[in-house]
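K.L.:
There's a structure below that I have some questions on.
The values are calculated or read from the model by the stated rules, or taken from the named source; none is laboratory data. Only a predicted model underlies this, so the values are computations on that prediction, with no experimental measurement involved. For neighbour counting, all protein chains shown are included, and Cβ atoms are generated from backbone atoms with ideal geometry for every residue, glycine included. Accessible surface areas use protein heavy atoms only, side chains included; no ligands, DNA or RNA. Shrake-Rupley method; radii C 1.70, N 1.55, O 1.52, S 1.80 Å.
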Amino acid sequence: MKVLFVNACVREEESRTLALCQTFLESIKEKEPQLTIKEVEISKEKLKPIDKNLLYLREDLLKKGQWQELLLRYACEFAASDFIIIGAPYWDLSFPALLKVYLEYVSISGLTFRYTEQGSVGLCNAHRMMYISTAGGMVPKPHLGEAYCRDLGQMFGIRQFDSFCLSGLDIEGTDIEAKMREAQNLIWEMGQNFTKK
């Protein structure tokens with residue numbers, strides 16, 4: 001089984017979101033050692049926002065069936081994965097802009113979804129998606145980043161959506177280490193059950 005980890009943790013090794021993601025990944029790997037985990041570290045992918053020229057190029061590549069080209073590879077990889085994990089800090093009411101750019105590369109009619117008279121139909125193999133985030137202040141549940149990824153997952157045919165957001169980390173007087181330890185214990189338990197059907 002294939003796990004795709006979409007890493008939108010821009011602070012890299014300093015990221016508290018990434019620390020929780022790593023705990024979660026370690027947990028599912030311990031439970032299911034045969035899993036293959038592929039990470040897409042978005043900040044290192046050098047993706048450009050999709051403009052008119054990229055749209056035309058993408059349509060041309062689709063017609064020619066050139067699936068391994070960069071413009072299509074992300075969508076093919078996403079569609080073929082059994083489980084999706086997205087790690088993204090809570091920024092400006094949602095998530096870093098780089099994640100939106102990546103998701104635009106993934107959202108391709110004919111690869112991750114298709115249109116019918118009854119509406120869109122998902123084409124992704126995955127049946128479960130996990131969204132992990134952290135925030136300095138208190139945030140609503142679900143926050144806009146979670147809701148966006150949940151709705152997109154539904155459009156792609158991903159039936160189950162889970163999320164974990166650790167908020168309030170930068171509130172004055174917070175014991176950050178204690179909150180992180182508690183969160184890592186909780187997310188470890190979530191990981192132990194993540195790959196169950």
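K.L.:
Please go through region 63-91 and give me each residue that is closer than 29 Å to Glu14 by Cβ and among the polar types (S, T, N, Q), ordered by number.
P.N.:
Listed by number, the list holds a single entry, Ser81.
K.L.:
Does Phe24 satisfy being assigned to a helix (DSSP H, G or I), among the aromatic types (Phe, Trp, Tyr) and either under 25 Å from Leu123 (Cα atoms) or in contact (Cβ under 8 Å) with a residue 12 or more places away in the chain (or both)?
P.N.:
Working: assigned to a helix (DSSP H, G or I): yes; among the aromatic types (Phe, Trp, Tyr): yes; either under 25 Å from Leu123 (Cα atoms) or in contact (Cβ under 8 Å) with a residue 12 or more places away in the chain (or both): yes.
Yes.
K.L.:
Exactly one condition in (1) among the charged types (D, E, K, R); (2) over 16 Å from the mean Cα position of the chain (by Cα); (3) within 23 Å of Cys165 (Cα to Cα); (4) crowded, with 16+ Cβ neighbours inside 10 Å is false for Glu32; which is it?
P.N.:
So Glu32 meets the others, but not (3).
K.L.:
Mind checking which residues of region 61-106 are open to solvent by 30 Å² or more (accessible area, probe 1.4 Å), closer than 16 Å to Asn125 by Cα and either part of a loop (DSSP other than H, G, I, E, B) or in contact (Cβ under 8 Å) with a residue 60 or more places away in the chain (or both)?
P.N.:
Glu77, Ala80, Asp82
K.L.:
Which members of region 146-175 meet the condition of being under 27 Å from Glu14 (Cβ atoms), of a type in the set (A, V, I, L, M) and touching a residue at least 40 places away in the same chain (Cβ under 8 Å)?
P.N.:
Those that are under 27 Å from Glu14 (Cβ atoms), of a type in the set (A, V, I, L, M) and touching a residue at least 40 places away in the same chain (Cβ under 8 Å): Leu166, Leu169.
K.L.:
Tally time: how many residues in region 146-197 are among the hydrophobic types (A, V, I, L, M, F, W, C), more than 18 Å from Leu103 (Cα to Cα) and not in a helix (DSSP H, G or I)?
P.N.:
5
K.L.:
Sticking with this structure for a sec: Taking Lys141 and the conditions (1) part of a loop (DSSP other than H, G, I, E, B); (2) in contact (Cβ under 8 Å) with a residue 40 or more places away in the chain, which numbered condition does it fall short on, given that it satisfies the others?
P.N.:
(2)
K.L.:
Condition first: part of a strand (DSSP E or B) and surrounded by 13 or more Cβ atoms within 10 Å (Cβ to Cβ). Now tell me which residues in region 115-133 satisfy that.
P.N.:
Correct list: Ser120, Gly122, Arg128, Met129, Met130, Tyr131, Ile132, Ser133.
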